[in-house]
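The values are calculated or read from the model by the stated rules, or taken from the named source; none is laboratory data. Not measured: the values here are computed from a predicted model. Here the Cβ positions follow ideal geometry from the backbone for every residue, glycine too, while neighbour counts run over all protein chains shown.
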Amino acid sequence: MRVFVYNMRTFDELAYFERFTEEMGMEMGWTEDPPTIDNCGLADGYDAISVITTPITPEMQDRLKRGGVRMVSTRTIGYDHIDLTHAKDIGMVAAHVTYDPEGVADYCVMMILAVIRNLRRIQVNNAVNDFTLEGLLGRKLRDLTVGIVGAGKIGTTVMRDLSGFGCRIVYTGRRRNEDADMFGEYVDMDTLLRESDVVSLHLELNSDTHHIIGADAIFRMKDGAYLVNTARGPLVDTEALIGALDSGKLSGAALDVIEDEFGLYYNDMRGKDIPNRYMDRLRSMENVLLTHHMAFYYDAAVRDMVYNCLDGIRSMDDGKDIPYRLV
């Protein structure tokens, strides 16, 4: 079994890839570059490729298949960067991974605490030696209602962690979740938006969830509420969010992901133009805490992402059911 790895991070992933491919009896090739139509040929003669959040277009899939690639495995939970319809049409297997949810939950709770305590404004003032208090009054988590949109593994873990703060927790999703019921109350989306002081998103991105937080949803949110997104950028209509933050409808936002982040996050963009029309506007807002898709980035997750990616590829080679198969 031969696997070619794109976007290899030599400083944290390479050691895991070397260890697990040896244990699984795989041959590996790799590049630090993202996959493009121009470098698909690097994977010629390999059975599978491993990628992260870089677009895998129909044109690229066709070229990869001509080179012998039978499977695209993304070492991420999200998979909206892969054209699954085309993969199915040409008979190419696609899979994603899961990983320990604890670190993402930690990060989400950190962002909730930071945004309700005005950490961004505090940092801005501190940097210019403005040590006054006006405009920095925070809120106490115990006094708030937190709404969790999407109670899968990560959302439920966030609920468990938040329960220790004593705040009221509500959640919504496609269905009730018995594990989530231990920590919060299941409500419909309208109730969650109307009653929550903090709305935290934990959904996959698809046609149903794209811009699930748009102008209408924001209008239904509680005045002065906060939005936290550690899931996928396009869950939020950024123009509508910026308008709500400017008008004071929302008090703040903590965003680990934004729309149109492909080709930007995880790259060294110093001295380069930033090809994202939202970045400068969000950065300029003192009620926005912005990080570059970092909630996933902790030791256990990196290990799990590499292992589960390779385990899925091995399962295909062994003729077994592929864990987390998409098509």
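Summary of computed values
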{"quantity": "Given (1) assigned by TED's automatic domain parsing to the domain that holds Cys108; (2) among the charged types (D, E, K, R); (3) surrounded by fewer than 19 Cβ atoms within 10 Å (Cβ to Cβ), number of the condition Asp237 does not satisfy", "calculated": "(3)"}
{"quantity": "Odd one out for Arg325 among (1) surrounded by fewer than 18 Cβ atoms within 10 Å (Cβ to Cβ); (2) over 16 Å from Gly78 (Cα atoms)", "calculated": "(2)"}
{"quantity": "Residues satisfying the stated conditions in the stretch 250-263, i.e. under 15 Å from Pro234 (Cα atoms) and either of a type in the set (Lys, Arg) or touching a helix residue (DSSP H, G or I) at 6+ places or on another chain (Cβ under 9 Å) (or both)", "calculated": "Ala253, Ala254, Leu255, Asp256, Val257, Ile258, Glu259, Asp260, Glu261"}
{"quantity": "Conditions (1) crowded, with 18+ Cβ neighbours inside 10 Å; (2) closer than 27 Å to Gln123 by Cβ; (3) out of contact with any Leu (no Cβ under 9 Å at 6 or more places or on another chain); number of the one not met by Asp273", "calculated": "(1)"}
{"quantity": "Conditions (1) under 19 Å from the mean Cα position of the chain (by Cα); (2) in a loop (DSSP other than H, G, I, E, B); (3) of a type in the set (S, T, N, Q); number of the one not met by Thr10", "calculated": "(1)"}
{"quantity": "Of all residues making up the stretch 106-121, the number that are out of contact with any strand residue (DSSP E or B) (no Cβ under 6 Å at 6 or more places or on another chain), farther than 12 Å from Thr230 by Cβ and either basic (Lys, Arg) or surrounded by fewer than 21 Cβ atoms within 10 Å (Cβ to Cβ) (or both)", "calculated": "4"}
{"quantity": "Selected residue (only one of Asp317, Asp304, Asp299, Asp280 is at pLDDT below 95 and closer than 29 Å to Ala114 by Cα)", "calculated": "Asp280"}
{"quantity": "Yes/no for Arg303 being more than 23 Å from Gln61 (Cβ to Cβ), in contact (Cβ under 8 Å) with a residue 60 or more places away in the chain, among the basic types (Lys, Arg) and buried (at least 18 other Cβ atoms within 10 Å of the Cβ)", "calculated": "yes"}
{"quantity": "Filter result (touching a helix residue (DSSP H, G or I) at 6+ places or on another chain (Cβ under 9 Å) and assigned to a loop (DSSP other than H, G, I, E, B)) within the stretch 205-234", "calculated": "Leu205, Thr209, His210, His211, Ile212, Gly214, Met221, Lys222, Thr230, Ala231"}
{"quantity": "The stretch 251-263, subset more than 14 Å from the chain's Cα centre (by Cα) and closer than 26 Å to Tyr226 by Cβ, residue surrounded by the fewest Cβ atoms within 10 Å (Cβ to Cβ)", "calculated": "Ser251"}
{"quantity": "Matching entry among Thr85, Thr76 (being in the same structural domain as Tyr16 (by TED's automatic domain parsing), within 22 Å of the chain's Cα centre (by Cα) and either in a helix (DSSP H, G or I) or surrounded by fewer than 17 Cβ atoms within 10 Å (Cβ to Cβ) (or both))", "calculated": "Thr85"}
{"quantity": "Residue in the stretch 172-195 that is under 23 Å from Asp237 (Cα atoms), within 16 Å of the chain's Cα centre (by Cα), among the acidic types (Asp, Glu) and crowded, with 16+ Cβ neighbours inside 10 Å present", "calculated": "no"}
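Residues are listed down the side, and each one gets a yes or a no for (1) over 18 Å from Asp317 (Cα atoms); (2) within 19 Å of the chain's Cα centre (by Cα):
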| position | (1), (2) |
| --- | --- |
| His96 | no, yes |
| Asp100 | yes, yes |
| Val128 | yes, no |
| Leu133 | yes, no |
| Lys153 | yes, yes |
| Thr156 | yes, yes |
